[in-house]
Amino acid sequence: MENSRTRELYQQVILDHNKNPRNHGKMKGASHVAEGYNPLCGDHLFIYLKIDKNNVIEDITFENDGCAISTASASMMTSALKGKTLDQSQNLFDQFHRLVLKELNPESEANDLGKLKIFSGIWQFPSRVKCATLCWHAMRGALNKDNSVTSE
Ligand code: ZN
């Protein structure tokens, strides 16, 4: 019962973000850019960031060509990271990564994942984990000035 409700919610959120991706488009004057590629699925994306002098993500957008999960994940990630500091972003990266590997149980461990918790069941589909984490690796690559990331 609980499981099918969770699955239904997951599908609704993925479909919604895939159909109406937030923060989609190229950014003019980005301070950080990185490209990500997931050869297993063919997902390809660019992440653009504008970081202000206080290390806050002033703006973040993405362009992509990929599956519904990679699109929805990038849409949700950019929504979650806008206005966050770089430290908070690194924290969220770690939490999201542990979530999709089933190392973090969002019900029993304090976390800042919010809506990103929707991805908590994805560890059951290992090939999909790479679709969901591609944008996060690209984001971190952009911040580290490592401008090309492959999720293998
Ligand atoms: Zn994919």
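Counting only protein heavy atoms and a 1.4 Å probe, tell me what percentage of the chain's accessible area is made up of carbon and sulfur.
Details: 3850 of 8250 Å².
After summing per-atom areas, the C and S share lands at 47 percent.
Any idea which of His44, Val13, Asn54 is furthest toward the positive side of the dipole for the range 4-146, if Lys and Arg beta-carbons carry +1 and Asp and Glu beta-carbons -1?
So the residue furthest toward the plus end is Val13.
Picking from Pro126, Gly66, Ser89, whose Cα lies most toward the positive end of the charge dipole for the chain (charges on Cβ: Lys, Arg +1; Asp, Glu -1)?
Going by the Cα projections, it comes out as Gly66.
Grab the Cα-Cα distance for Arg98 and Ala68, subtract it from 0.36 nm times how many residues apart they are, and report the gain in nm with one decimal. Before the final figure, lay out each step's value.
On the way: separation 30, 0.36 × 30 = 10.80 nm, distance 2.14 nm.
That pair, Arg98 and Ala68, stretches by 8.7 nm at full extension.
For the chain, what log10 I(q)/I(0) values come out of the Debye formula at q = 0.15, 0.16 1/Å, with one point per alpha carbon and no solvent?
-0.72, -0.82
Using a Cα distance threshold of under 19 Å, what count of lysine pairs results for the chain when pairs must be 8 or more residues apart or interchain?
Within the chain, the lysine pair count is 25.
What is the dipole size for the chain, taken about its Cα centre, with +1 at each Lys and Arg Cβ and -1 at each Asp and Glu Cβ, in debye to the nearest 20?
Details: 18 positive and 18 negative charges, 49 e Å.
My answer is approximately 240 debye.
Roughly how tilted is helix 126-143, in degrees to the nearest 10 and between 0 and 90, from the longest Cα axis of the chain?
Computed tilt is about 20 degrees.
The values are calculated or read from the model by the stated rules, or taken from the named source; none is laboratory data. The model shown is predicted, which means the values in this text are computed figures rather than measured ones. Methodologically, a virtual Cβ is constructed for each residue, glycine included, from the backbone with ideal geometry; neighbour enumeration extends over all protein chains shown. Calculation scope for accessible area: heavy atoms of the full protein, side chains included, ligands and nucleic acids excluded. Shrake-Rupley method; radii C 1.70, N 1.55, O 1.52, S 1.80 Å.
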